[in-house]
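These notes are about the structure you will find just below.
Where a number appears in this text, it was derived from the coordinates with a stated rule and is not lab data. A quick note: this is a predicted structure, and the numbers were derived from the prediction, not measured. All Cβ positions, glycine included, derive from the backbone under ideal geometry; neighbour counts span all protein chains shown.
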Amino acid sequence: MKICKSDIEELEYRLIEGIKKSDLDFLDKVMHDDLLGIAPNGQKITKEMDLTSHREGNMLVDKIVPHIEEIRIIEDMAVVIITYDTKGKMLGIPIEGKFKYNRIWKAFDDGLKIIAVSCMQV
């Protein structure tokens, strides 16, 4: 499967809508089962942890404004750096500010999936 930047841009914007709406079907589809990530507090994140936070209503997004800084295609993977201006609650704790994500997408037979993510507040 050949990857192009426009496909990744579209998926990133669809991901934002999926996060805002807690669209579990979409989020489940685009996150690889073995996804591994790091939250701004240094905590390890897995796909199941992320889905559970949406399923249980622990992730509430009031505002999320994206700015894609860079997309690099490397064979069957894409590395994305994106900044979100965010406001909401996570586990009942208010969060607000700019957060920079490094997300890695990989092509599989059933489509592009996120395999890794890290996030930090900037």
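General remarks:
- Residue-wise HN-Hα couplings along region 10-18, as the Karplus relation 6.51 cos²θ - 1.76 cosθ + 1.60 with θ = phi - 60° gives them from phi, are 4, 5, 4, 5, 5, 4, 4, 5, x Hz; Gly and Pro carry x.
- Taking 0.36 nm per residue of separation and subtracting the current Cα-Cα distance, fully stretching the chain between Ser53 and Met120 would add 22.3 nm.
- Taking only Cα atoms of the chain, radius of gyration then Dmax in Å: 13.6, 41
- J(HN,Hα) series, region 80-86, from Karplus relation 6.51 cos²θ - 1.76 cosθ + 1.60, nearest Hz, glycine and proline x: 10, 10, 9, 10, 10, 8, 10
- Relative contact order of the chain, defined on C-alpha pairs under 8 angstrom at six or more residues apart (%): 26 percent
- Taken about its Cα centre, the chain carries a charge dipole of roughly 400 debye when the Cβ of each Lys and Arg holds +1 and the Cβ of each Asp and Glu holds -1.
- Leading residue at positive end of dipole, the chain (Cβ point charges), from Leu35, Thr83, Leu15: Thr83
- Cross-link check: pairs Lys44/Lys89; Lys63/Lys100; Lys5/Lys87; Lys2/Lys98 evaluated at a Cα-Cα cut-off of 21 Å; pairs beyond the cut-off: Lys5/Lys87; Lys2/Lys98.
- Annotation: peptides 36-44, 71-79, ranked by per-residue average of other Cβ atoms within 10 Å with the highest first, follow the order 71-79, 36-44.
- Separation of alpha-carbon centers, region 55-122 and region 1-21, rounded to whole Å: 10 Å
- For Asp23 and Ser6, the difference between the fully extended length at 0.36 nm per residue and the C-alpha to C-alpha distance is 3.9 nm.
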